[in-house]
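Single-structure report; data block below.
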Amino acid sequence: MVFLFHSPAFIICVSLVLVCYWALPHRFRNRLLLAASYGFYCSWDWRFLSLILVSTFVDYNCGLGIHRAKKKSTRKALLLVSLGVNLSLLCFFKYFDFFIEGMVALCGAFGFDPGFTTLNLVLPLGISFYTFQTLSYTIDIYRGKFEPIRSWIDFSLYVAYFPQLIAGPIEKARDLLPQIQAVKEWRRVQLREGIYLFVYGAFKKVVLADSLGRVVNEIFDTPEASGAQVLIGLWAFAIQLYCDFSGYSNMARGVSHLFGIRLSTNFDLPFFSKSYFEFFRRWHITLSGWIAEYVYMPLYFYIPTLSWVRRLGGIRVQLLLGATLSLLATRLIFAIWHGASINFLLLGVFIYVTQLLTVGFRMLLHRVPETGRTPLRWAGNTLRVLLMFHIFCYAMLLFRSHDLQQIAAFTFALFTDLDPLALVVARYWYLYVIMVLLAFYEAVQYRRADQLFICRAGFYTQMVFYLVLIFLYIQIGAIADHRFLYFQF
Amino acid sequence: MIGEEIREILMTTREFKAKMSDEVKDSDSLLQQGIVDSFGLIQLVVELEARFSITIEPDDLQKENFESIDSMVGFIEAKRA
């Protein structure tokens, strides 16, 4: 049985935990949350609780060991134990079958059967999220940025904290652990913001994402879709994925708010991005931030120090090489983190190539004399936002397609058979309604630079907002399959 | 003084000025806030070399040296010393 965040069973259980949590003295609260977290995880998938316990045990002790060790070699060895255990578990469950299939296909191409068989492994729920989360703990201790904690309960709760256990946000230890350990007091603003985040998140998931899922499934199951259908399908899927995952993240933050713990914002209006760099600061922020901090930046500053890179030219060339190579590594990790398949590999390469092209274009553009005219600047920015959105939509074709043939067929249709008039299809009216409403609401959030502005509005404004959500829920309706897309990672 | 000159570079160079504002403090992380990205850092290094007559070596390329206006001030002072 899966307790989805918006299911009545989950809401009842969380309400009970919440009442007990605030009724208990501080010293018992984390124990209660830990028991609830393990309980929820077992209700989602009890088989892999042992993996969480292994990660917890290894990282708790490695963290203490790294801090105590005097020799650099010992510190490094303990960090490698932490990295090795966590990444081995992740790679085994997530990539073993993909690797075996690839080996068999490669050997088959040379007429040789290696006799390997796949294990048909089930991916443990949340492993990609909590693995990265716990690694940030040991890496930060190794770098001297964080001191290990000496409470087994608090650390276990950091690894298994149920609102963000199975699909993030991926919290760094230095952000979440101090909050877990702090003595918390109940505040009314927590209730107001928590309820808003949860209700609006559920709305994005149940009403927006799930109704768009119908359009997406229909179009991606059409063998010979026209260019207009493909474009509608890509718009719908881009918004579905965004509403699904950001809706989940909002719900996770909302639940956590009620326990007095603020989780990081995971989505910050990504469709207003004017460039790739901005997009990755707004989309799945905690994963992008994790990769930027622990992979991209270290590689970026390390590559220019390599002797063969030094020989290639001056500091400009060295930095350029550092940027392009570390970007390649980062984009591939970002894509493959989502799953082991050719689609995701292609996605990583596509993002990398188009990002390099946009950077090159930006550099060229900076040589053109500036115009001080506001309307032209506004038009330029709007065009950049639209271009970025459509590059993302095309990337979603690689994310969602069944196979390479479909990618090829849809791409061909998109570029050779696109009739703009055919985009106006009456049966997809709710797609356009959703796009207009979402764009309007997010434009207000963007202009105010405040995603929670509704919480600060007056009583009647808030009432109208919630009534509109209820009205749209009734009008657009909910459909059967409410599983979150990001639970598969 | 050095800090003001760095701020001026950030406020006037096309690569950064759209993202830079007076509200950015000297201690704020320019990399984290996206005012300077990895490709923008190439431009910044060139500007710093020209403005302060220093030569930046590969070994100087550490995140801590370019993180914020404050850290760049410290780095440039050390280079000039």
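Of A:Glu218, A:Glu185, which residue is touching a residue at least 40 places away in the same chain (Cβ under 8 Å) and at negative phi? None of the others qualify; the one that does is A:Glu185. Which of the residues spanning region A:445-468 are open to solvent by less than 40 Å² (accessible area, probe 1.4 Å) and assigned to a helix (DSSP H, G or I)? Passing the criteria: A:Gln445, A:Phe453, A:Ile454, A:Cys455, A:Gln462, A:Phe465.
The single condition among (1) closer than 19 Å to A:Thr305 by Cα; (2) open to solvent by 50 Å² or more (accessible area, probe 1.4 Å) that B:Glu77 does not meet is (1).
Total residues in region A:21-52 satisfying the condition of being touching a Lys or Arg at 6+ places or on another chain (Cβ under 9 Å) and surrounded by fewer than 20 Cβ atoms within 10 Å (Cβ to Cβ): the figure is 3. Among the criteria (1) in a helix (DSSP H, G or I); (2) of a type outside the set (Asp, Glu); (3) within 17 Å of A:Arg400 (Cβ to Cβ), the one A:Phe198 does not fulfil is (3). Applying a threshold of 8 Å to beta carbon distances and a minimum spacing of six or more residues, or different chains, the list of pairs starting in region A:60-76 at a residue that is assigned by TED's automatic domain parsing to the domain that holds A:Leu157 and ending at one that is outside any helix (DSSP H, G or I) and open to solvent by 50 Å² or more (accessible area, probe 1.4 Å) reads A:Leu64/A:Arg150; A:His67/A:Glu147.
For region A:1-120, which helices (runs of 4 or more DSSP H) that fit wholly inside it have 2 or more residues that are closer than 22 Å to A:Thr134 by Cβ?
Details: elements: A:8-23, A:26-45, A:49-68, A:72-109.
Fully inside region A:1-120 and qualifying: A:26-45, A:49-68, A:72-109.
Evaluating A:Val14 against the criteria (1) assigned by TED's automatic domain parsing to the domain that holds A:Val159; (2) buried (at least 20 other Cβ atoms within 10 Å of the Cβ) leaves one unmet condition, (1).
Of everything in region A:256-273 that's surrounded by 20 or more Cβ atoms within 10 Å (Cβ to Cβ) and within 14 Å of another protein chain (Cβ to nearest Cβ), which residue is nearest to A:Val17 (Cα to Cα)? Step through it out loud before you land on a result.
Within region A:256-273, the first condition is being surrounded by 20 or more Cβ atoms within 10 Å (Cβ to Cβ), and the residues that meet it are A:256-259, A:261, A:263, A:266-267, A:270-271, A:273.
Applying the additional criterion that residues be within 14 Å of another protein chain (Cβ to nearest Cβ) yields A:270, A:273.
Numbers: A:Pro270: 34, A:Ser273: 39 Å.
Result: A:Pro270.
When A:Ser326, A:Ser307 are checked against the criterion of being on the phi < 0 side of the Ramachandran plot, open to solvent by 30 Å² or more (accessible area, probe 1.4 Å) and within 10 Å of chain B (Cβ to nearest Cβ), A:Ser307 stands alone in meeting it. Within region A:348-367, being more than 12 Å from chain B (Cβ to nearest Cβ) and either touching a residue at least 12 places away in the same chain (Cβ under 8 Å) or of a type in the set (D, E, K, R) (or both) holds for A:Gly348, A:Val349, A:Phe350, A:Ile351, A:Tyr352, A:Thr354. The numbered conditions (1) away from chain A (no Cβ under 13 Å); (2) open to solvent by 50 Å² or more (accessible area, probe 1.4 Å); (3) under 23 Å from A:Arg367 (Cα atoms) are all true for B:Lys19 except (1).
One residue is enough: does region B:24-31 have a residue meeting the conditions more than 11 Å from the chain's Cα centre (by Cα) and within 13 Å of chain A (Cβ to nearest Cβ)?
The first filter runs over region B:24-31 and keeps only residues more than 11 Å from the chain's Cα centre (by Cα), leaving B:24-25, B:27-28.
Applying the additional criterion that residues be within 13 Å of chain A (Cβ to nearest Cβ) yields none.
No, region B:24-31 contains no residue that is more than 11 Å from the chain's Cα centre (by Cα) and within 13 Å of chain A (Cβ to nearest Cβ).
Of all residues in region B:35-81, those satisfying the criterion of being under 17 Å from B:Lys19 (Cα atoms), part of a helix (DSSP H, G or I), within 12 Å of chain A (Cβ to nearest Cβ) and of a type in the set (A, V, I, L, M) are B:Leu41, B:Ile42, B:Leu44.
The values are calculated or read from the model by the stated rules, or taken from the named source; none is laboratory data. Just so we're clear, the structure is a prediction, and the values are computed from it rather than from any experiment. When we count neighbours, we look across all protein chains shown, and the Cβ atoms used for this are built from the backbone with ideal geometry, even at glycine. Just so you know, the surface numbers come from the protein's heavy atoms only, side chains and all, with ligands and any DNA or RNA stripped out. Shrake-Rupley method; radii C 1.70, N 1.55, O 1.52, S 1.80 Å.
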